[in-house]
Amino acid sequence: MRVADFDFDLPADLIAQFPPAVRGGSRLLHVEASGTLHDRWFSELPALLQPDDLLVMNDTRVIKARLFGQKDSGGKVELLVERVTGEFESLAFIRASHAPKPGSYIHLSDDTRLEVLARQDDLTQLRFPRPVLEVLERFGRLPLPPYIEHTPTADDEARYQTVYADEPGAVAAPTAGLHFDDAMLDTLQQLGIRTARVTLHVGAGTFQPVRVDHVADHRMHSERYTIPQPTVDAIRDTHARGARVVAVGTTSLRALEAAAQSGKLHAGSGETDIFITPGYRFRVVDTLITNFHLPRSTLLMLVSAFAGVDTIRAAYAHAISERYRFFSYGDAMFLEKSPPA
């Protein structure tokens, strides 16, 4: 497969720059396994679910991962913390006229400076004088995606976070979860539709372009995940009842499928660089709620693997013609898994 097979033309005015007026006020494109499309609203989600279905949600919390500082020389530096690797250490992308060298410092204020430890490919290892999350909360800014063009506001700090966010560590939101509000969660519970949690800390690599021509040559970024034992138990019970496991977002799906590579889902924590492309055999997830993804992206390849390449091409063409809103603050899809070839 070529990366160009996953390209499409998207009018710039369909890239959502702001969330809808109310959380959950988005549209929902229902894509049946047969390829049949239905234009709906996200508020109609409960009608697409059945009692005993299980929604698996990613409870990661977006941290204020963007920092601005100065090198020892006075040169300006912009940092994007990609992941927290310890209480006092992190890996970060650095933008500067000249990359700071190991042993030098990046100054955030008169009393807060970060020590540059080493380079790791495109990332730089940093040591913080105080706990990383504490420094980020004081000096950091919300890391909105590169295609959102405005400076983060207080509204973004609330809306670019799921209502069930709990575990700090992500530098990008699990955006399918942004559509859920407390009222929707209460409605689902009343209908007998259950929920469970996983954690996958979304890294900045989710926005990195695929720079190769052939899909098989792409090197996937790695992300940290945790699958609790109660979630494994709930999934086994769901399948035993003949009900569906519904992943809320590609991050939940990646965490579950990564933890089931042996053929059986296991609880625990780990790192995953799972790269899901057409031909992949899904072991855990039956249905997927997701937003619309970037052209030529690994996530577009993932949803093509899940629903079928031709089905996704048709769904995206329909979404563009019907002026759905795209990407993080955009509308959602409810994807039924295509039958095995």
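The values are calculated or read from the model by the stated rules, or taken from the named source; none is laboratory data. Quick caveat, the model's predicted, so the values are computed rather than measured. Ideal geometry is used to build each Cβ from the backbone, glycine not excepted, and the neighbour counts take in all protein chains shown.
Can you pull out every residue in segment 140-173 that is outside the structural domain of residue 330 (by TED's automatic domain parsing) and among the aromatic types (Phe, Trp, Tyr)?
Listed by number, the list holds a single entry, 147.
Looking at segment 105-121, I want the residues that are under 15 Å from residue 80 (Cβ atoms) and have a partner that is of a type in the set (D, E, K, R) and in a strand (DSSP E or B) with Cβ atoms under 8 Å, at least 6 apart or on another chain. Which pairs are those?
Filtered contacts from segment 105-121: 106/71; 106/113; 114/127.
From the list 240, 247, which residue is outside the structural domain of residue 78 (by TED's automatic domain parsing), of a type in the set (Gly, Ala, Ser) and surrounded by 23 or more Cβ atoms within 10 Å (Cβ to Cβ)? Give the derivation first.
Details: 240 fails: surrounded by 23 or more Cβ atoms within 10 Å (Cβ to Cβ).
None of the others qualify; the one that does is 247.
How many of the residues in segment 123-143 are part of a helix (DSSP H, G or I) and either among the charged types (D, E, K, R) or more than 22 Å from the chain's Cα centre (by Cα) (or both)?
Applying the first criterion (part of a helix (DSSP H, G or I)) to segment 123-143 yields 132-139.
Next, only the ones that are either among the charged types (D, E, K, R) or more than 22 Å from the chain's Cα centre (by Cα) (or both) stay: 134-135, 137-139.
Count: 5.
Scan (1) free of Cβ contacts under 8 Å to residues at least 40 places away in the same chain; (2) touching a helix residue (DSSP H, G or I) at 6+ places or on another chain (Cβ under 9 Å) for the single condition residue 262 breaks and write down its number.
(2)
Does segment 38-77 hold any residues that are of a type in the set (Gly, Ala, Ser) and in contact with a helix residue (DSSP H, G or I) (Cβ under 9 Å, 6 or more places away or on another chain), and which are they? Can you show your working first?
Of segment 38-77, the ones of a type in the set (Gly, Ala, Ser) are 43, 47, 65, 69, 73-75.
Scanning segment 38-77 gives 43, 65, 69.
Examine segment 106-124 for a residue that is modelled with pLDDT of 95 or more, over 15 Å from residue 64 (Cβ atoms), surrounded by 14 or more Cβ atoms within 10 Å (Cβ to Cβ) and of a type in the set (Lys, Arg), and state whether such a residue exists.
yes
Which condition does residue 93 not pass, out of (1) surrounded by 17 or more Cβ atoms within 10 Å (Cβ to Cβ); (2) at pLDDT 95 or above, if it passes all the others?
Result: residue 93 fails condition (2) only.
For segment 283-296, which residues satisfy the criterion of being in contact with a helix residue (DSSP H, G or I) (Cβ under 6 Å, 6 or more places away or on another chain) and not in a loop (DSSP other than H, G, I, E, B)?
Hits for segment 283-296 are 288, 289, 290, 291.
Give the residues of segment 184-214 that are farther than 22 Å from residue 275 by Cα and either in contact with a strand residue (DSSP E or B) (Cβ under 9 Å, 6 or more places away or on another chain) or of a type in the set (A, V, I, L, M) (or both), sorted by residue number.
Passing the criteria: 184, 185, 188, 189, 191, 193, 194, 195, 196.
Tell me, please, whether a residue that is out of contact with any helix residue (DSSP H, G or I) (no Cβ under 9 Å at 6 or more places or on another chain) and free of Cβ contacts under 8 Å to residues at least 12 places away in the same chain can be found in segment 172-182.
No, segment 172-182 contains no residue that is out of contact with any helix residue (DSSP H, G or I) (no Cβ under 9 Å at 6 or more places or on another chain) and free of Cβ contacts under 8 Å to residues at least 12 places away in the same chain.
What's the total number of residues in segment 282-341 that are over 20 Å from the mean Cα position of the chain (by Cα) and either at pLDDT below 95 or among the aliphatic types (A, V, I, L, M) (or both)?
Total meeting the criteria: 10.
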